[in-house]
Amino acid sequence: MFANTVRPPGREHTLGLPRALIAIRIIQLVLAVLILGLDAYGLYVLAFSGAALNMFTTVATIIVCIYNIVAELGPVSLYNYWAILALDIFLTVFWLISFALMAAQVAPLFTSYSYYSGYYSYYSYYSSYTYYGIAFMSCMAAVAGLGGLLLYGPPLPPSNLSPPRFLG
């Protein structure tokens, strides 16, 4: 007979993750809201496929983060570790696609915006970008970078479960 004394009664089907994981989920939620705002500005200025996919991924991340926090802290019947695993895999794939597509579509905008200053010469080429164009490019680059940060955040901490003991 095996006994596991770490999990409280009624929560035997949960993983028993440390509370630091809830803090990581809250940071993930805050980053997703920040990306949502930057991406909404980008879609307001110019709608393109990378920004639209990033908007979908950000909204899905917010929904999944709220589910994870509520399932961990709320009623036991909401917790399903297979659903949490599947949703995390879904988000990993979509964030990988989203921030890579955003970076690939925003990078050509920076090629016609250059600045050079040497010892004897001064060269500056700012095409027809206004401050709004520079702000748009910066916001979209920030969305791509924050998407990468959100994807490659800290790994899951190990479970605090002790190995089962044999009683008998």
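The values are calculated or read from the model by the stated rules, or taken from the named source; none is laboratory data. What you are looking at is a predicted structure, and each value in this text was computed from that prediction instead of being measured. Virtual Cβ from ideal backbone geometry, glycine too; neighbours counted across all protein chains shown.
Take Phe56 and tell me if it is crowded, with 17+ Cβ neighbours inside 10 Å, modelled with pLDDT of 90 or more, of a type in the set (Phe, Trp, Tyr) and within 22 Å of Asp39 (Cβ to Cβ).
Working: crowded, with 17+ Cβ neighbours inside 10 Å: no; modelled with pLDDT of 90 or more: yes; of a type in the set (Phe, Trp, Tyr): yes; within 22 Å of Asp39 (Cβ to Cβ): yes.
Criteria not met by Phe56.
Within segment 19-47, count every residue that is among the basic types (Lys, Arg) and at pLDDT 85 or above. Explain how you work it out, then say what you get.
Pass one, segment 19-47, residues among the basic types (Lys, Arg): 19, 25.
Now narrow it down to the ones that are at pLDDT 85 or above: 25.
So the count comes out to 1.
Mind checking which pairs have a first residue in segment 133-159 that is within 14 Å of Tyr41 (Cα to Cα) and a second that is charged (D, E, K, R) and modelled with pLDDT of 65 or more, Cβ under 7 Å, 6 or more apart or different chains?
Between residues of segment 133-159 that are within 14 Å of Tyr41 (Cα to Cα) and residues that are charged (D, E, K, R) and modelled with pLDDT of 65 or more, the close pairs are Val143/Asp39.
What number of residues within segment 45-94 satisfy the criterion of being among the aromatic types (Phe, Trp, Tyr), part of a helix (DSSP H, G or I) and under 19 Å from Ala23 (Cα atoms)?
To start, the set of residues in segment 45-94 that are among the aromatic types (Phe, Trp, Tyr) comprises 48, 56, 67, 79, 81-82, 90, 94.
In the following step, the residues that additionally are part of a helix (DSSP H, G or I) were identified as 56, 67, 81-82, 90, 94.
Filter once more, so that each one left must be under 19 Å from Ala23 (Cα atoms): 67, 81.
Residues that pass the stated criteria total 2.
When segment 35-79 is examined, which residues are found to be touching a residue at least 40 places away in the same chain (Cβ under 8 Å), among the hydrophobic types (A, V, I, L, M, F, W, C) and over 19 Å from Leu101 (Cβ atoms)?
Cys65, Ile69, Leu73, Val76
Considering only residues of segment 101-152 that are surrounded by 12 or more Cβ atoms within 10 Å (Cβ to Cβ) and at pLDDT below 65, which is nearest to Phe48 (Cα to Cα)?
Tyr129
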